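A quick write-up on the structure given underneath.
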Amino acid sequence: MRKWIQIQLNNENTKIQRVAERIITQMQQYKDKYKLETRDLDVALQSAFEFGEMLDKLEQEDLPRHEKRFHQMLKEGTIQKIAMFQANLDKERQEIEDKLTKINLSLNAIDYNTGTYITLISERSKDMDIRSFQQDLRACLADTLGGEDDLYDESKFYQVKKLIDRFNGREGQTDSDKKWTRKVTDVRNWFLFSASERWREDNQEKEYYSDSAGKSGGQKEKLAYTILASALAYQFGLEWGETRSKSFRFVMIDEAFGRGSDDSARYGLELFSKLNLQLLIVTPLQKIHVIENYVKSVNLVHNEEGKNSMLRNLTIEEYHREKEAR
């Protein structure tokens with residue numbers, strides 16, 4: 001009888017041990033899946049009542065019923081908005097690339113030096129903030145195009161939340177987050193721009209300009225005027241060599257031609273003349289001997305002791321007559 005009873009006890013203990021192991025395994029699985037909610041719970045049979053309390057709360061609040069709705073809202077609301085946001089950024093990026101292509105068509109029509117022209121080049125920015133933002137944005141949308149509901153889980157929600165929290169400004173980091181947001185969402189910052197001077201005969205590069213450092217004032221001005229003229233041609237929809245057009249052609253340039261050489265000033269004015277632009281030039285008098293050959297009238301401004309501004313309008317013919325008389 002003792003032996004028979006011991007066998008029964010051993011069998012029951014084995015069953016209890018197996019059940020306990022299954023319970024422990026399920027407790028651990030639950031903790032692994034919901035780490036934040038179960039961070040204070042121990043994986044032990046003695047904690048069974050705490051897991052039971054969590055179950056009671058879930059059943060009372062009927063949270064499982066809202067799980068499907070959560071997935072649907074995450075899918076149709078947040079994820080779709082993020083996808084639209086990314087699509088808008090990509091559209092702006094493509095617009096910049098398209099504009100650059102059209103500006104390069106205008107640049108190709110301009111002789112920069114004898115037998116050469118300028119073309120603008122864009123490269124992806126290597127800035128870590130921008131690269132990291134682009135990766136985070138892609139991660140939010142990764143594996144979400146297949147339509148499977150199990151892809152829209154809590155981890156996907158936290159990926160999106162992390163990004164949006166930074167857009168809104170995290171506690172104690174509001175100012176830095178605002179600067180970061182302006183930086184990464186301005187698509188112009190996604191590019192590094194440079195200029196290449198190339199030979200017309202074979203399109204081989206003559207000189208590369210990553211910036212204007214090391215260049216003389218005249219060289220800097222000449223490069224700036226070349227790019228400005230091509231950008232104006234694109235912005236106004238101008239065609240080189242046009243003599244009549246209804247397109248808007250008025251341009252005002254402040255502090256124009258003041259520091260560069262006479263040659264670079266003539267180069268810029270010849271470019272604007274080819275575009276038939278209506279030009280208003282605001283400049284000191286030191287370049288008037290160059291500019292007077294390209295304008296139809298002058299407006300001389302004089303301010304006695306900074307207290308009494310006076311303006312005199314003259315046609316270029318009147319200006320030349322008075323200049324010779326004086």
(request) Tell me which of these Asp42 doesn't satisfy, since it passes every other one: (1) farther than 24 Å from Lys156 by Cα; (2) part of a helix (DSSP H, G or I); (3) modelled with pLDDT of 85 or more. (result) (2)
(request) Scan (1) aromatic (Phe, Trp, Tyr); (2) surrounded by 14 or more Cβ atoms within 10 Å (Cβ to Cβ); (3) at pLDDT below 90 for the single condition Tyr208 breaks and write down its number. (result) (2)
(message) When you scan the stretch 94-112, do you find a residue that is at pLDDT 85 or above, among the aliphatic types (A, V, I, L, M), surrounded by 14 or more Cβ atoms within 10 Å (Cβ to Cβ) and assigned to a helix (DSSP H, G or I), even just one?
(response) yes
(request) Test Lys162 against the criterion of being closer than 30 Å to Trp199 by Cα and at pLDDT 80 or above, and give yes or no. (result) no
(request) Please work out which residue is farthest from Asn189 (Cα to Cα), limiting yourself to the stretch 115-133 and to residues that are touching a residue at least 40 places away in the same chain (Cβ under 8 Å) and part of a helix (DSSP H, G or I). (result) Phe133
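The values are calculated or read from the model by the stated rules, or taken from the named source; none is laboratory data. Here the structure is a predicted model, which is why all the values come from computation and not from measurement. Ideal geometry is used to build each Cβ from the backbone, glycine not excepted, and the neighbour counts take in all protein chains shown.
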